[in-house]
Structures are given as structure tokens and as C-alpha cells.
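Below you'll find the structure, written out as C-alpha cells, and then a few comments.
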Amino acid sequence: MDEEIRNLLGEEIKAEFENLTLVHPGSKEKSTAIDNLATLYKLRLEETKNERDFTERYNKTVDEAEAREWDEQLKKSQFEEQIKERYFKLGVEVAGVVLPLILYAFWMRRGFKFEETGTFTSTTFRGLFNRFRPTK
């Protein structure tokens, strides 16, 4: 509908221009035709300005929506990275506790196997008892 109104306004301006050439110069009809033409042209300028303003507001709204969406995606990806980093740190901490416990268990089992009979005792195994610390 806006396009139709714009076309009608353009046709009316064109018709007023054609009528302006037919009117006798200096007459009251010519000044009235000029005033009508000026009024129609001002209407067209206002219509163009309104359309441009609407388009700018629409584009600004769309740009803000895209910026919000991009910002939300960025925050989501940062949150996911933080979660991955936390799990990695947790895994390193767990490995820092569990791996020494496994190593200690292995060597203690071997030491107990060696000293099972009790006829031979090793100073190495006795020294290892002092060094085993399953906690930090």
C-alpha cells in the first residue's frame, strides 16, 4: 500500500508539473499551481524521510538483536570452556593423588612379597615405609 501511495503521489506531482506549463505566466492560477506543486513535493520529501527513518530504526533494532545473539553465543562458549578447564584441573588433581597411591601400593606389595618369609629383611623396604605419604 505504501508503494501505491508513493506512486500516486509521484503521478500527481508529474501531472501538476505538466499543468504548470499550460498555465499563463504571472497569473493567479500559476501561483496556485506552484503552491500545490510545492506542497506535493514537501509531502514526498516527508514520505521519503519517514521511510528512511523507519528503515534506520529497523536496521538498528536488527543489529542490536544480532549483537545480543552474538554476545550470548560468546558467553555460552566461554562458559563451556570454563567447564572444560575445571574438569581438566580436577582430573590433574585426582591424578596427583591417585597415581602416587597406585605406585605406593605396587611397591608395598612387592616389598611384602619379598619379606613374606621374614628370613631376609631389606633396609630399602624399611626406608620406603618412611617415604610413603599418600596425602600431600
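Among the residues of this structure, PHE54 does not count as one that is over 41 Å from the mean Cα position of the chain (by Cα) and modelled with pLDDT of 80 or more. Annotation: of all residues in region 1-58 being of a type in the set (A, V, I, L, M), assigned to a helix (DSSP H, G or I) and free of Cβ contacts under 8 Å to residues at least 24 places away in the same chain, the one that is surrounded by the most Cβ atoms within 10 Å (Cβ to Cβ) is ALA33.
The values are calculated or read from the model by the stated rules, or taken from the named source; none is laboratory data. Everything numeric here is computed off the predicted structure, so don't read it as measured data. In this analysis, Cβ positions are derived from the backbone assuming ideal geometry, glycine residues included, and neighbour counts consider all displayed protein chains.
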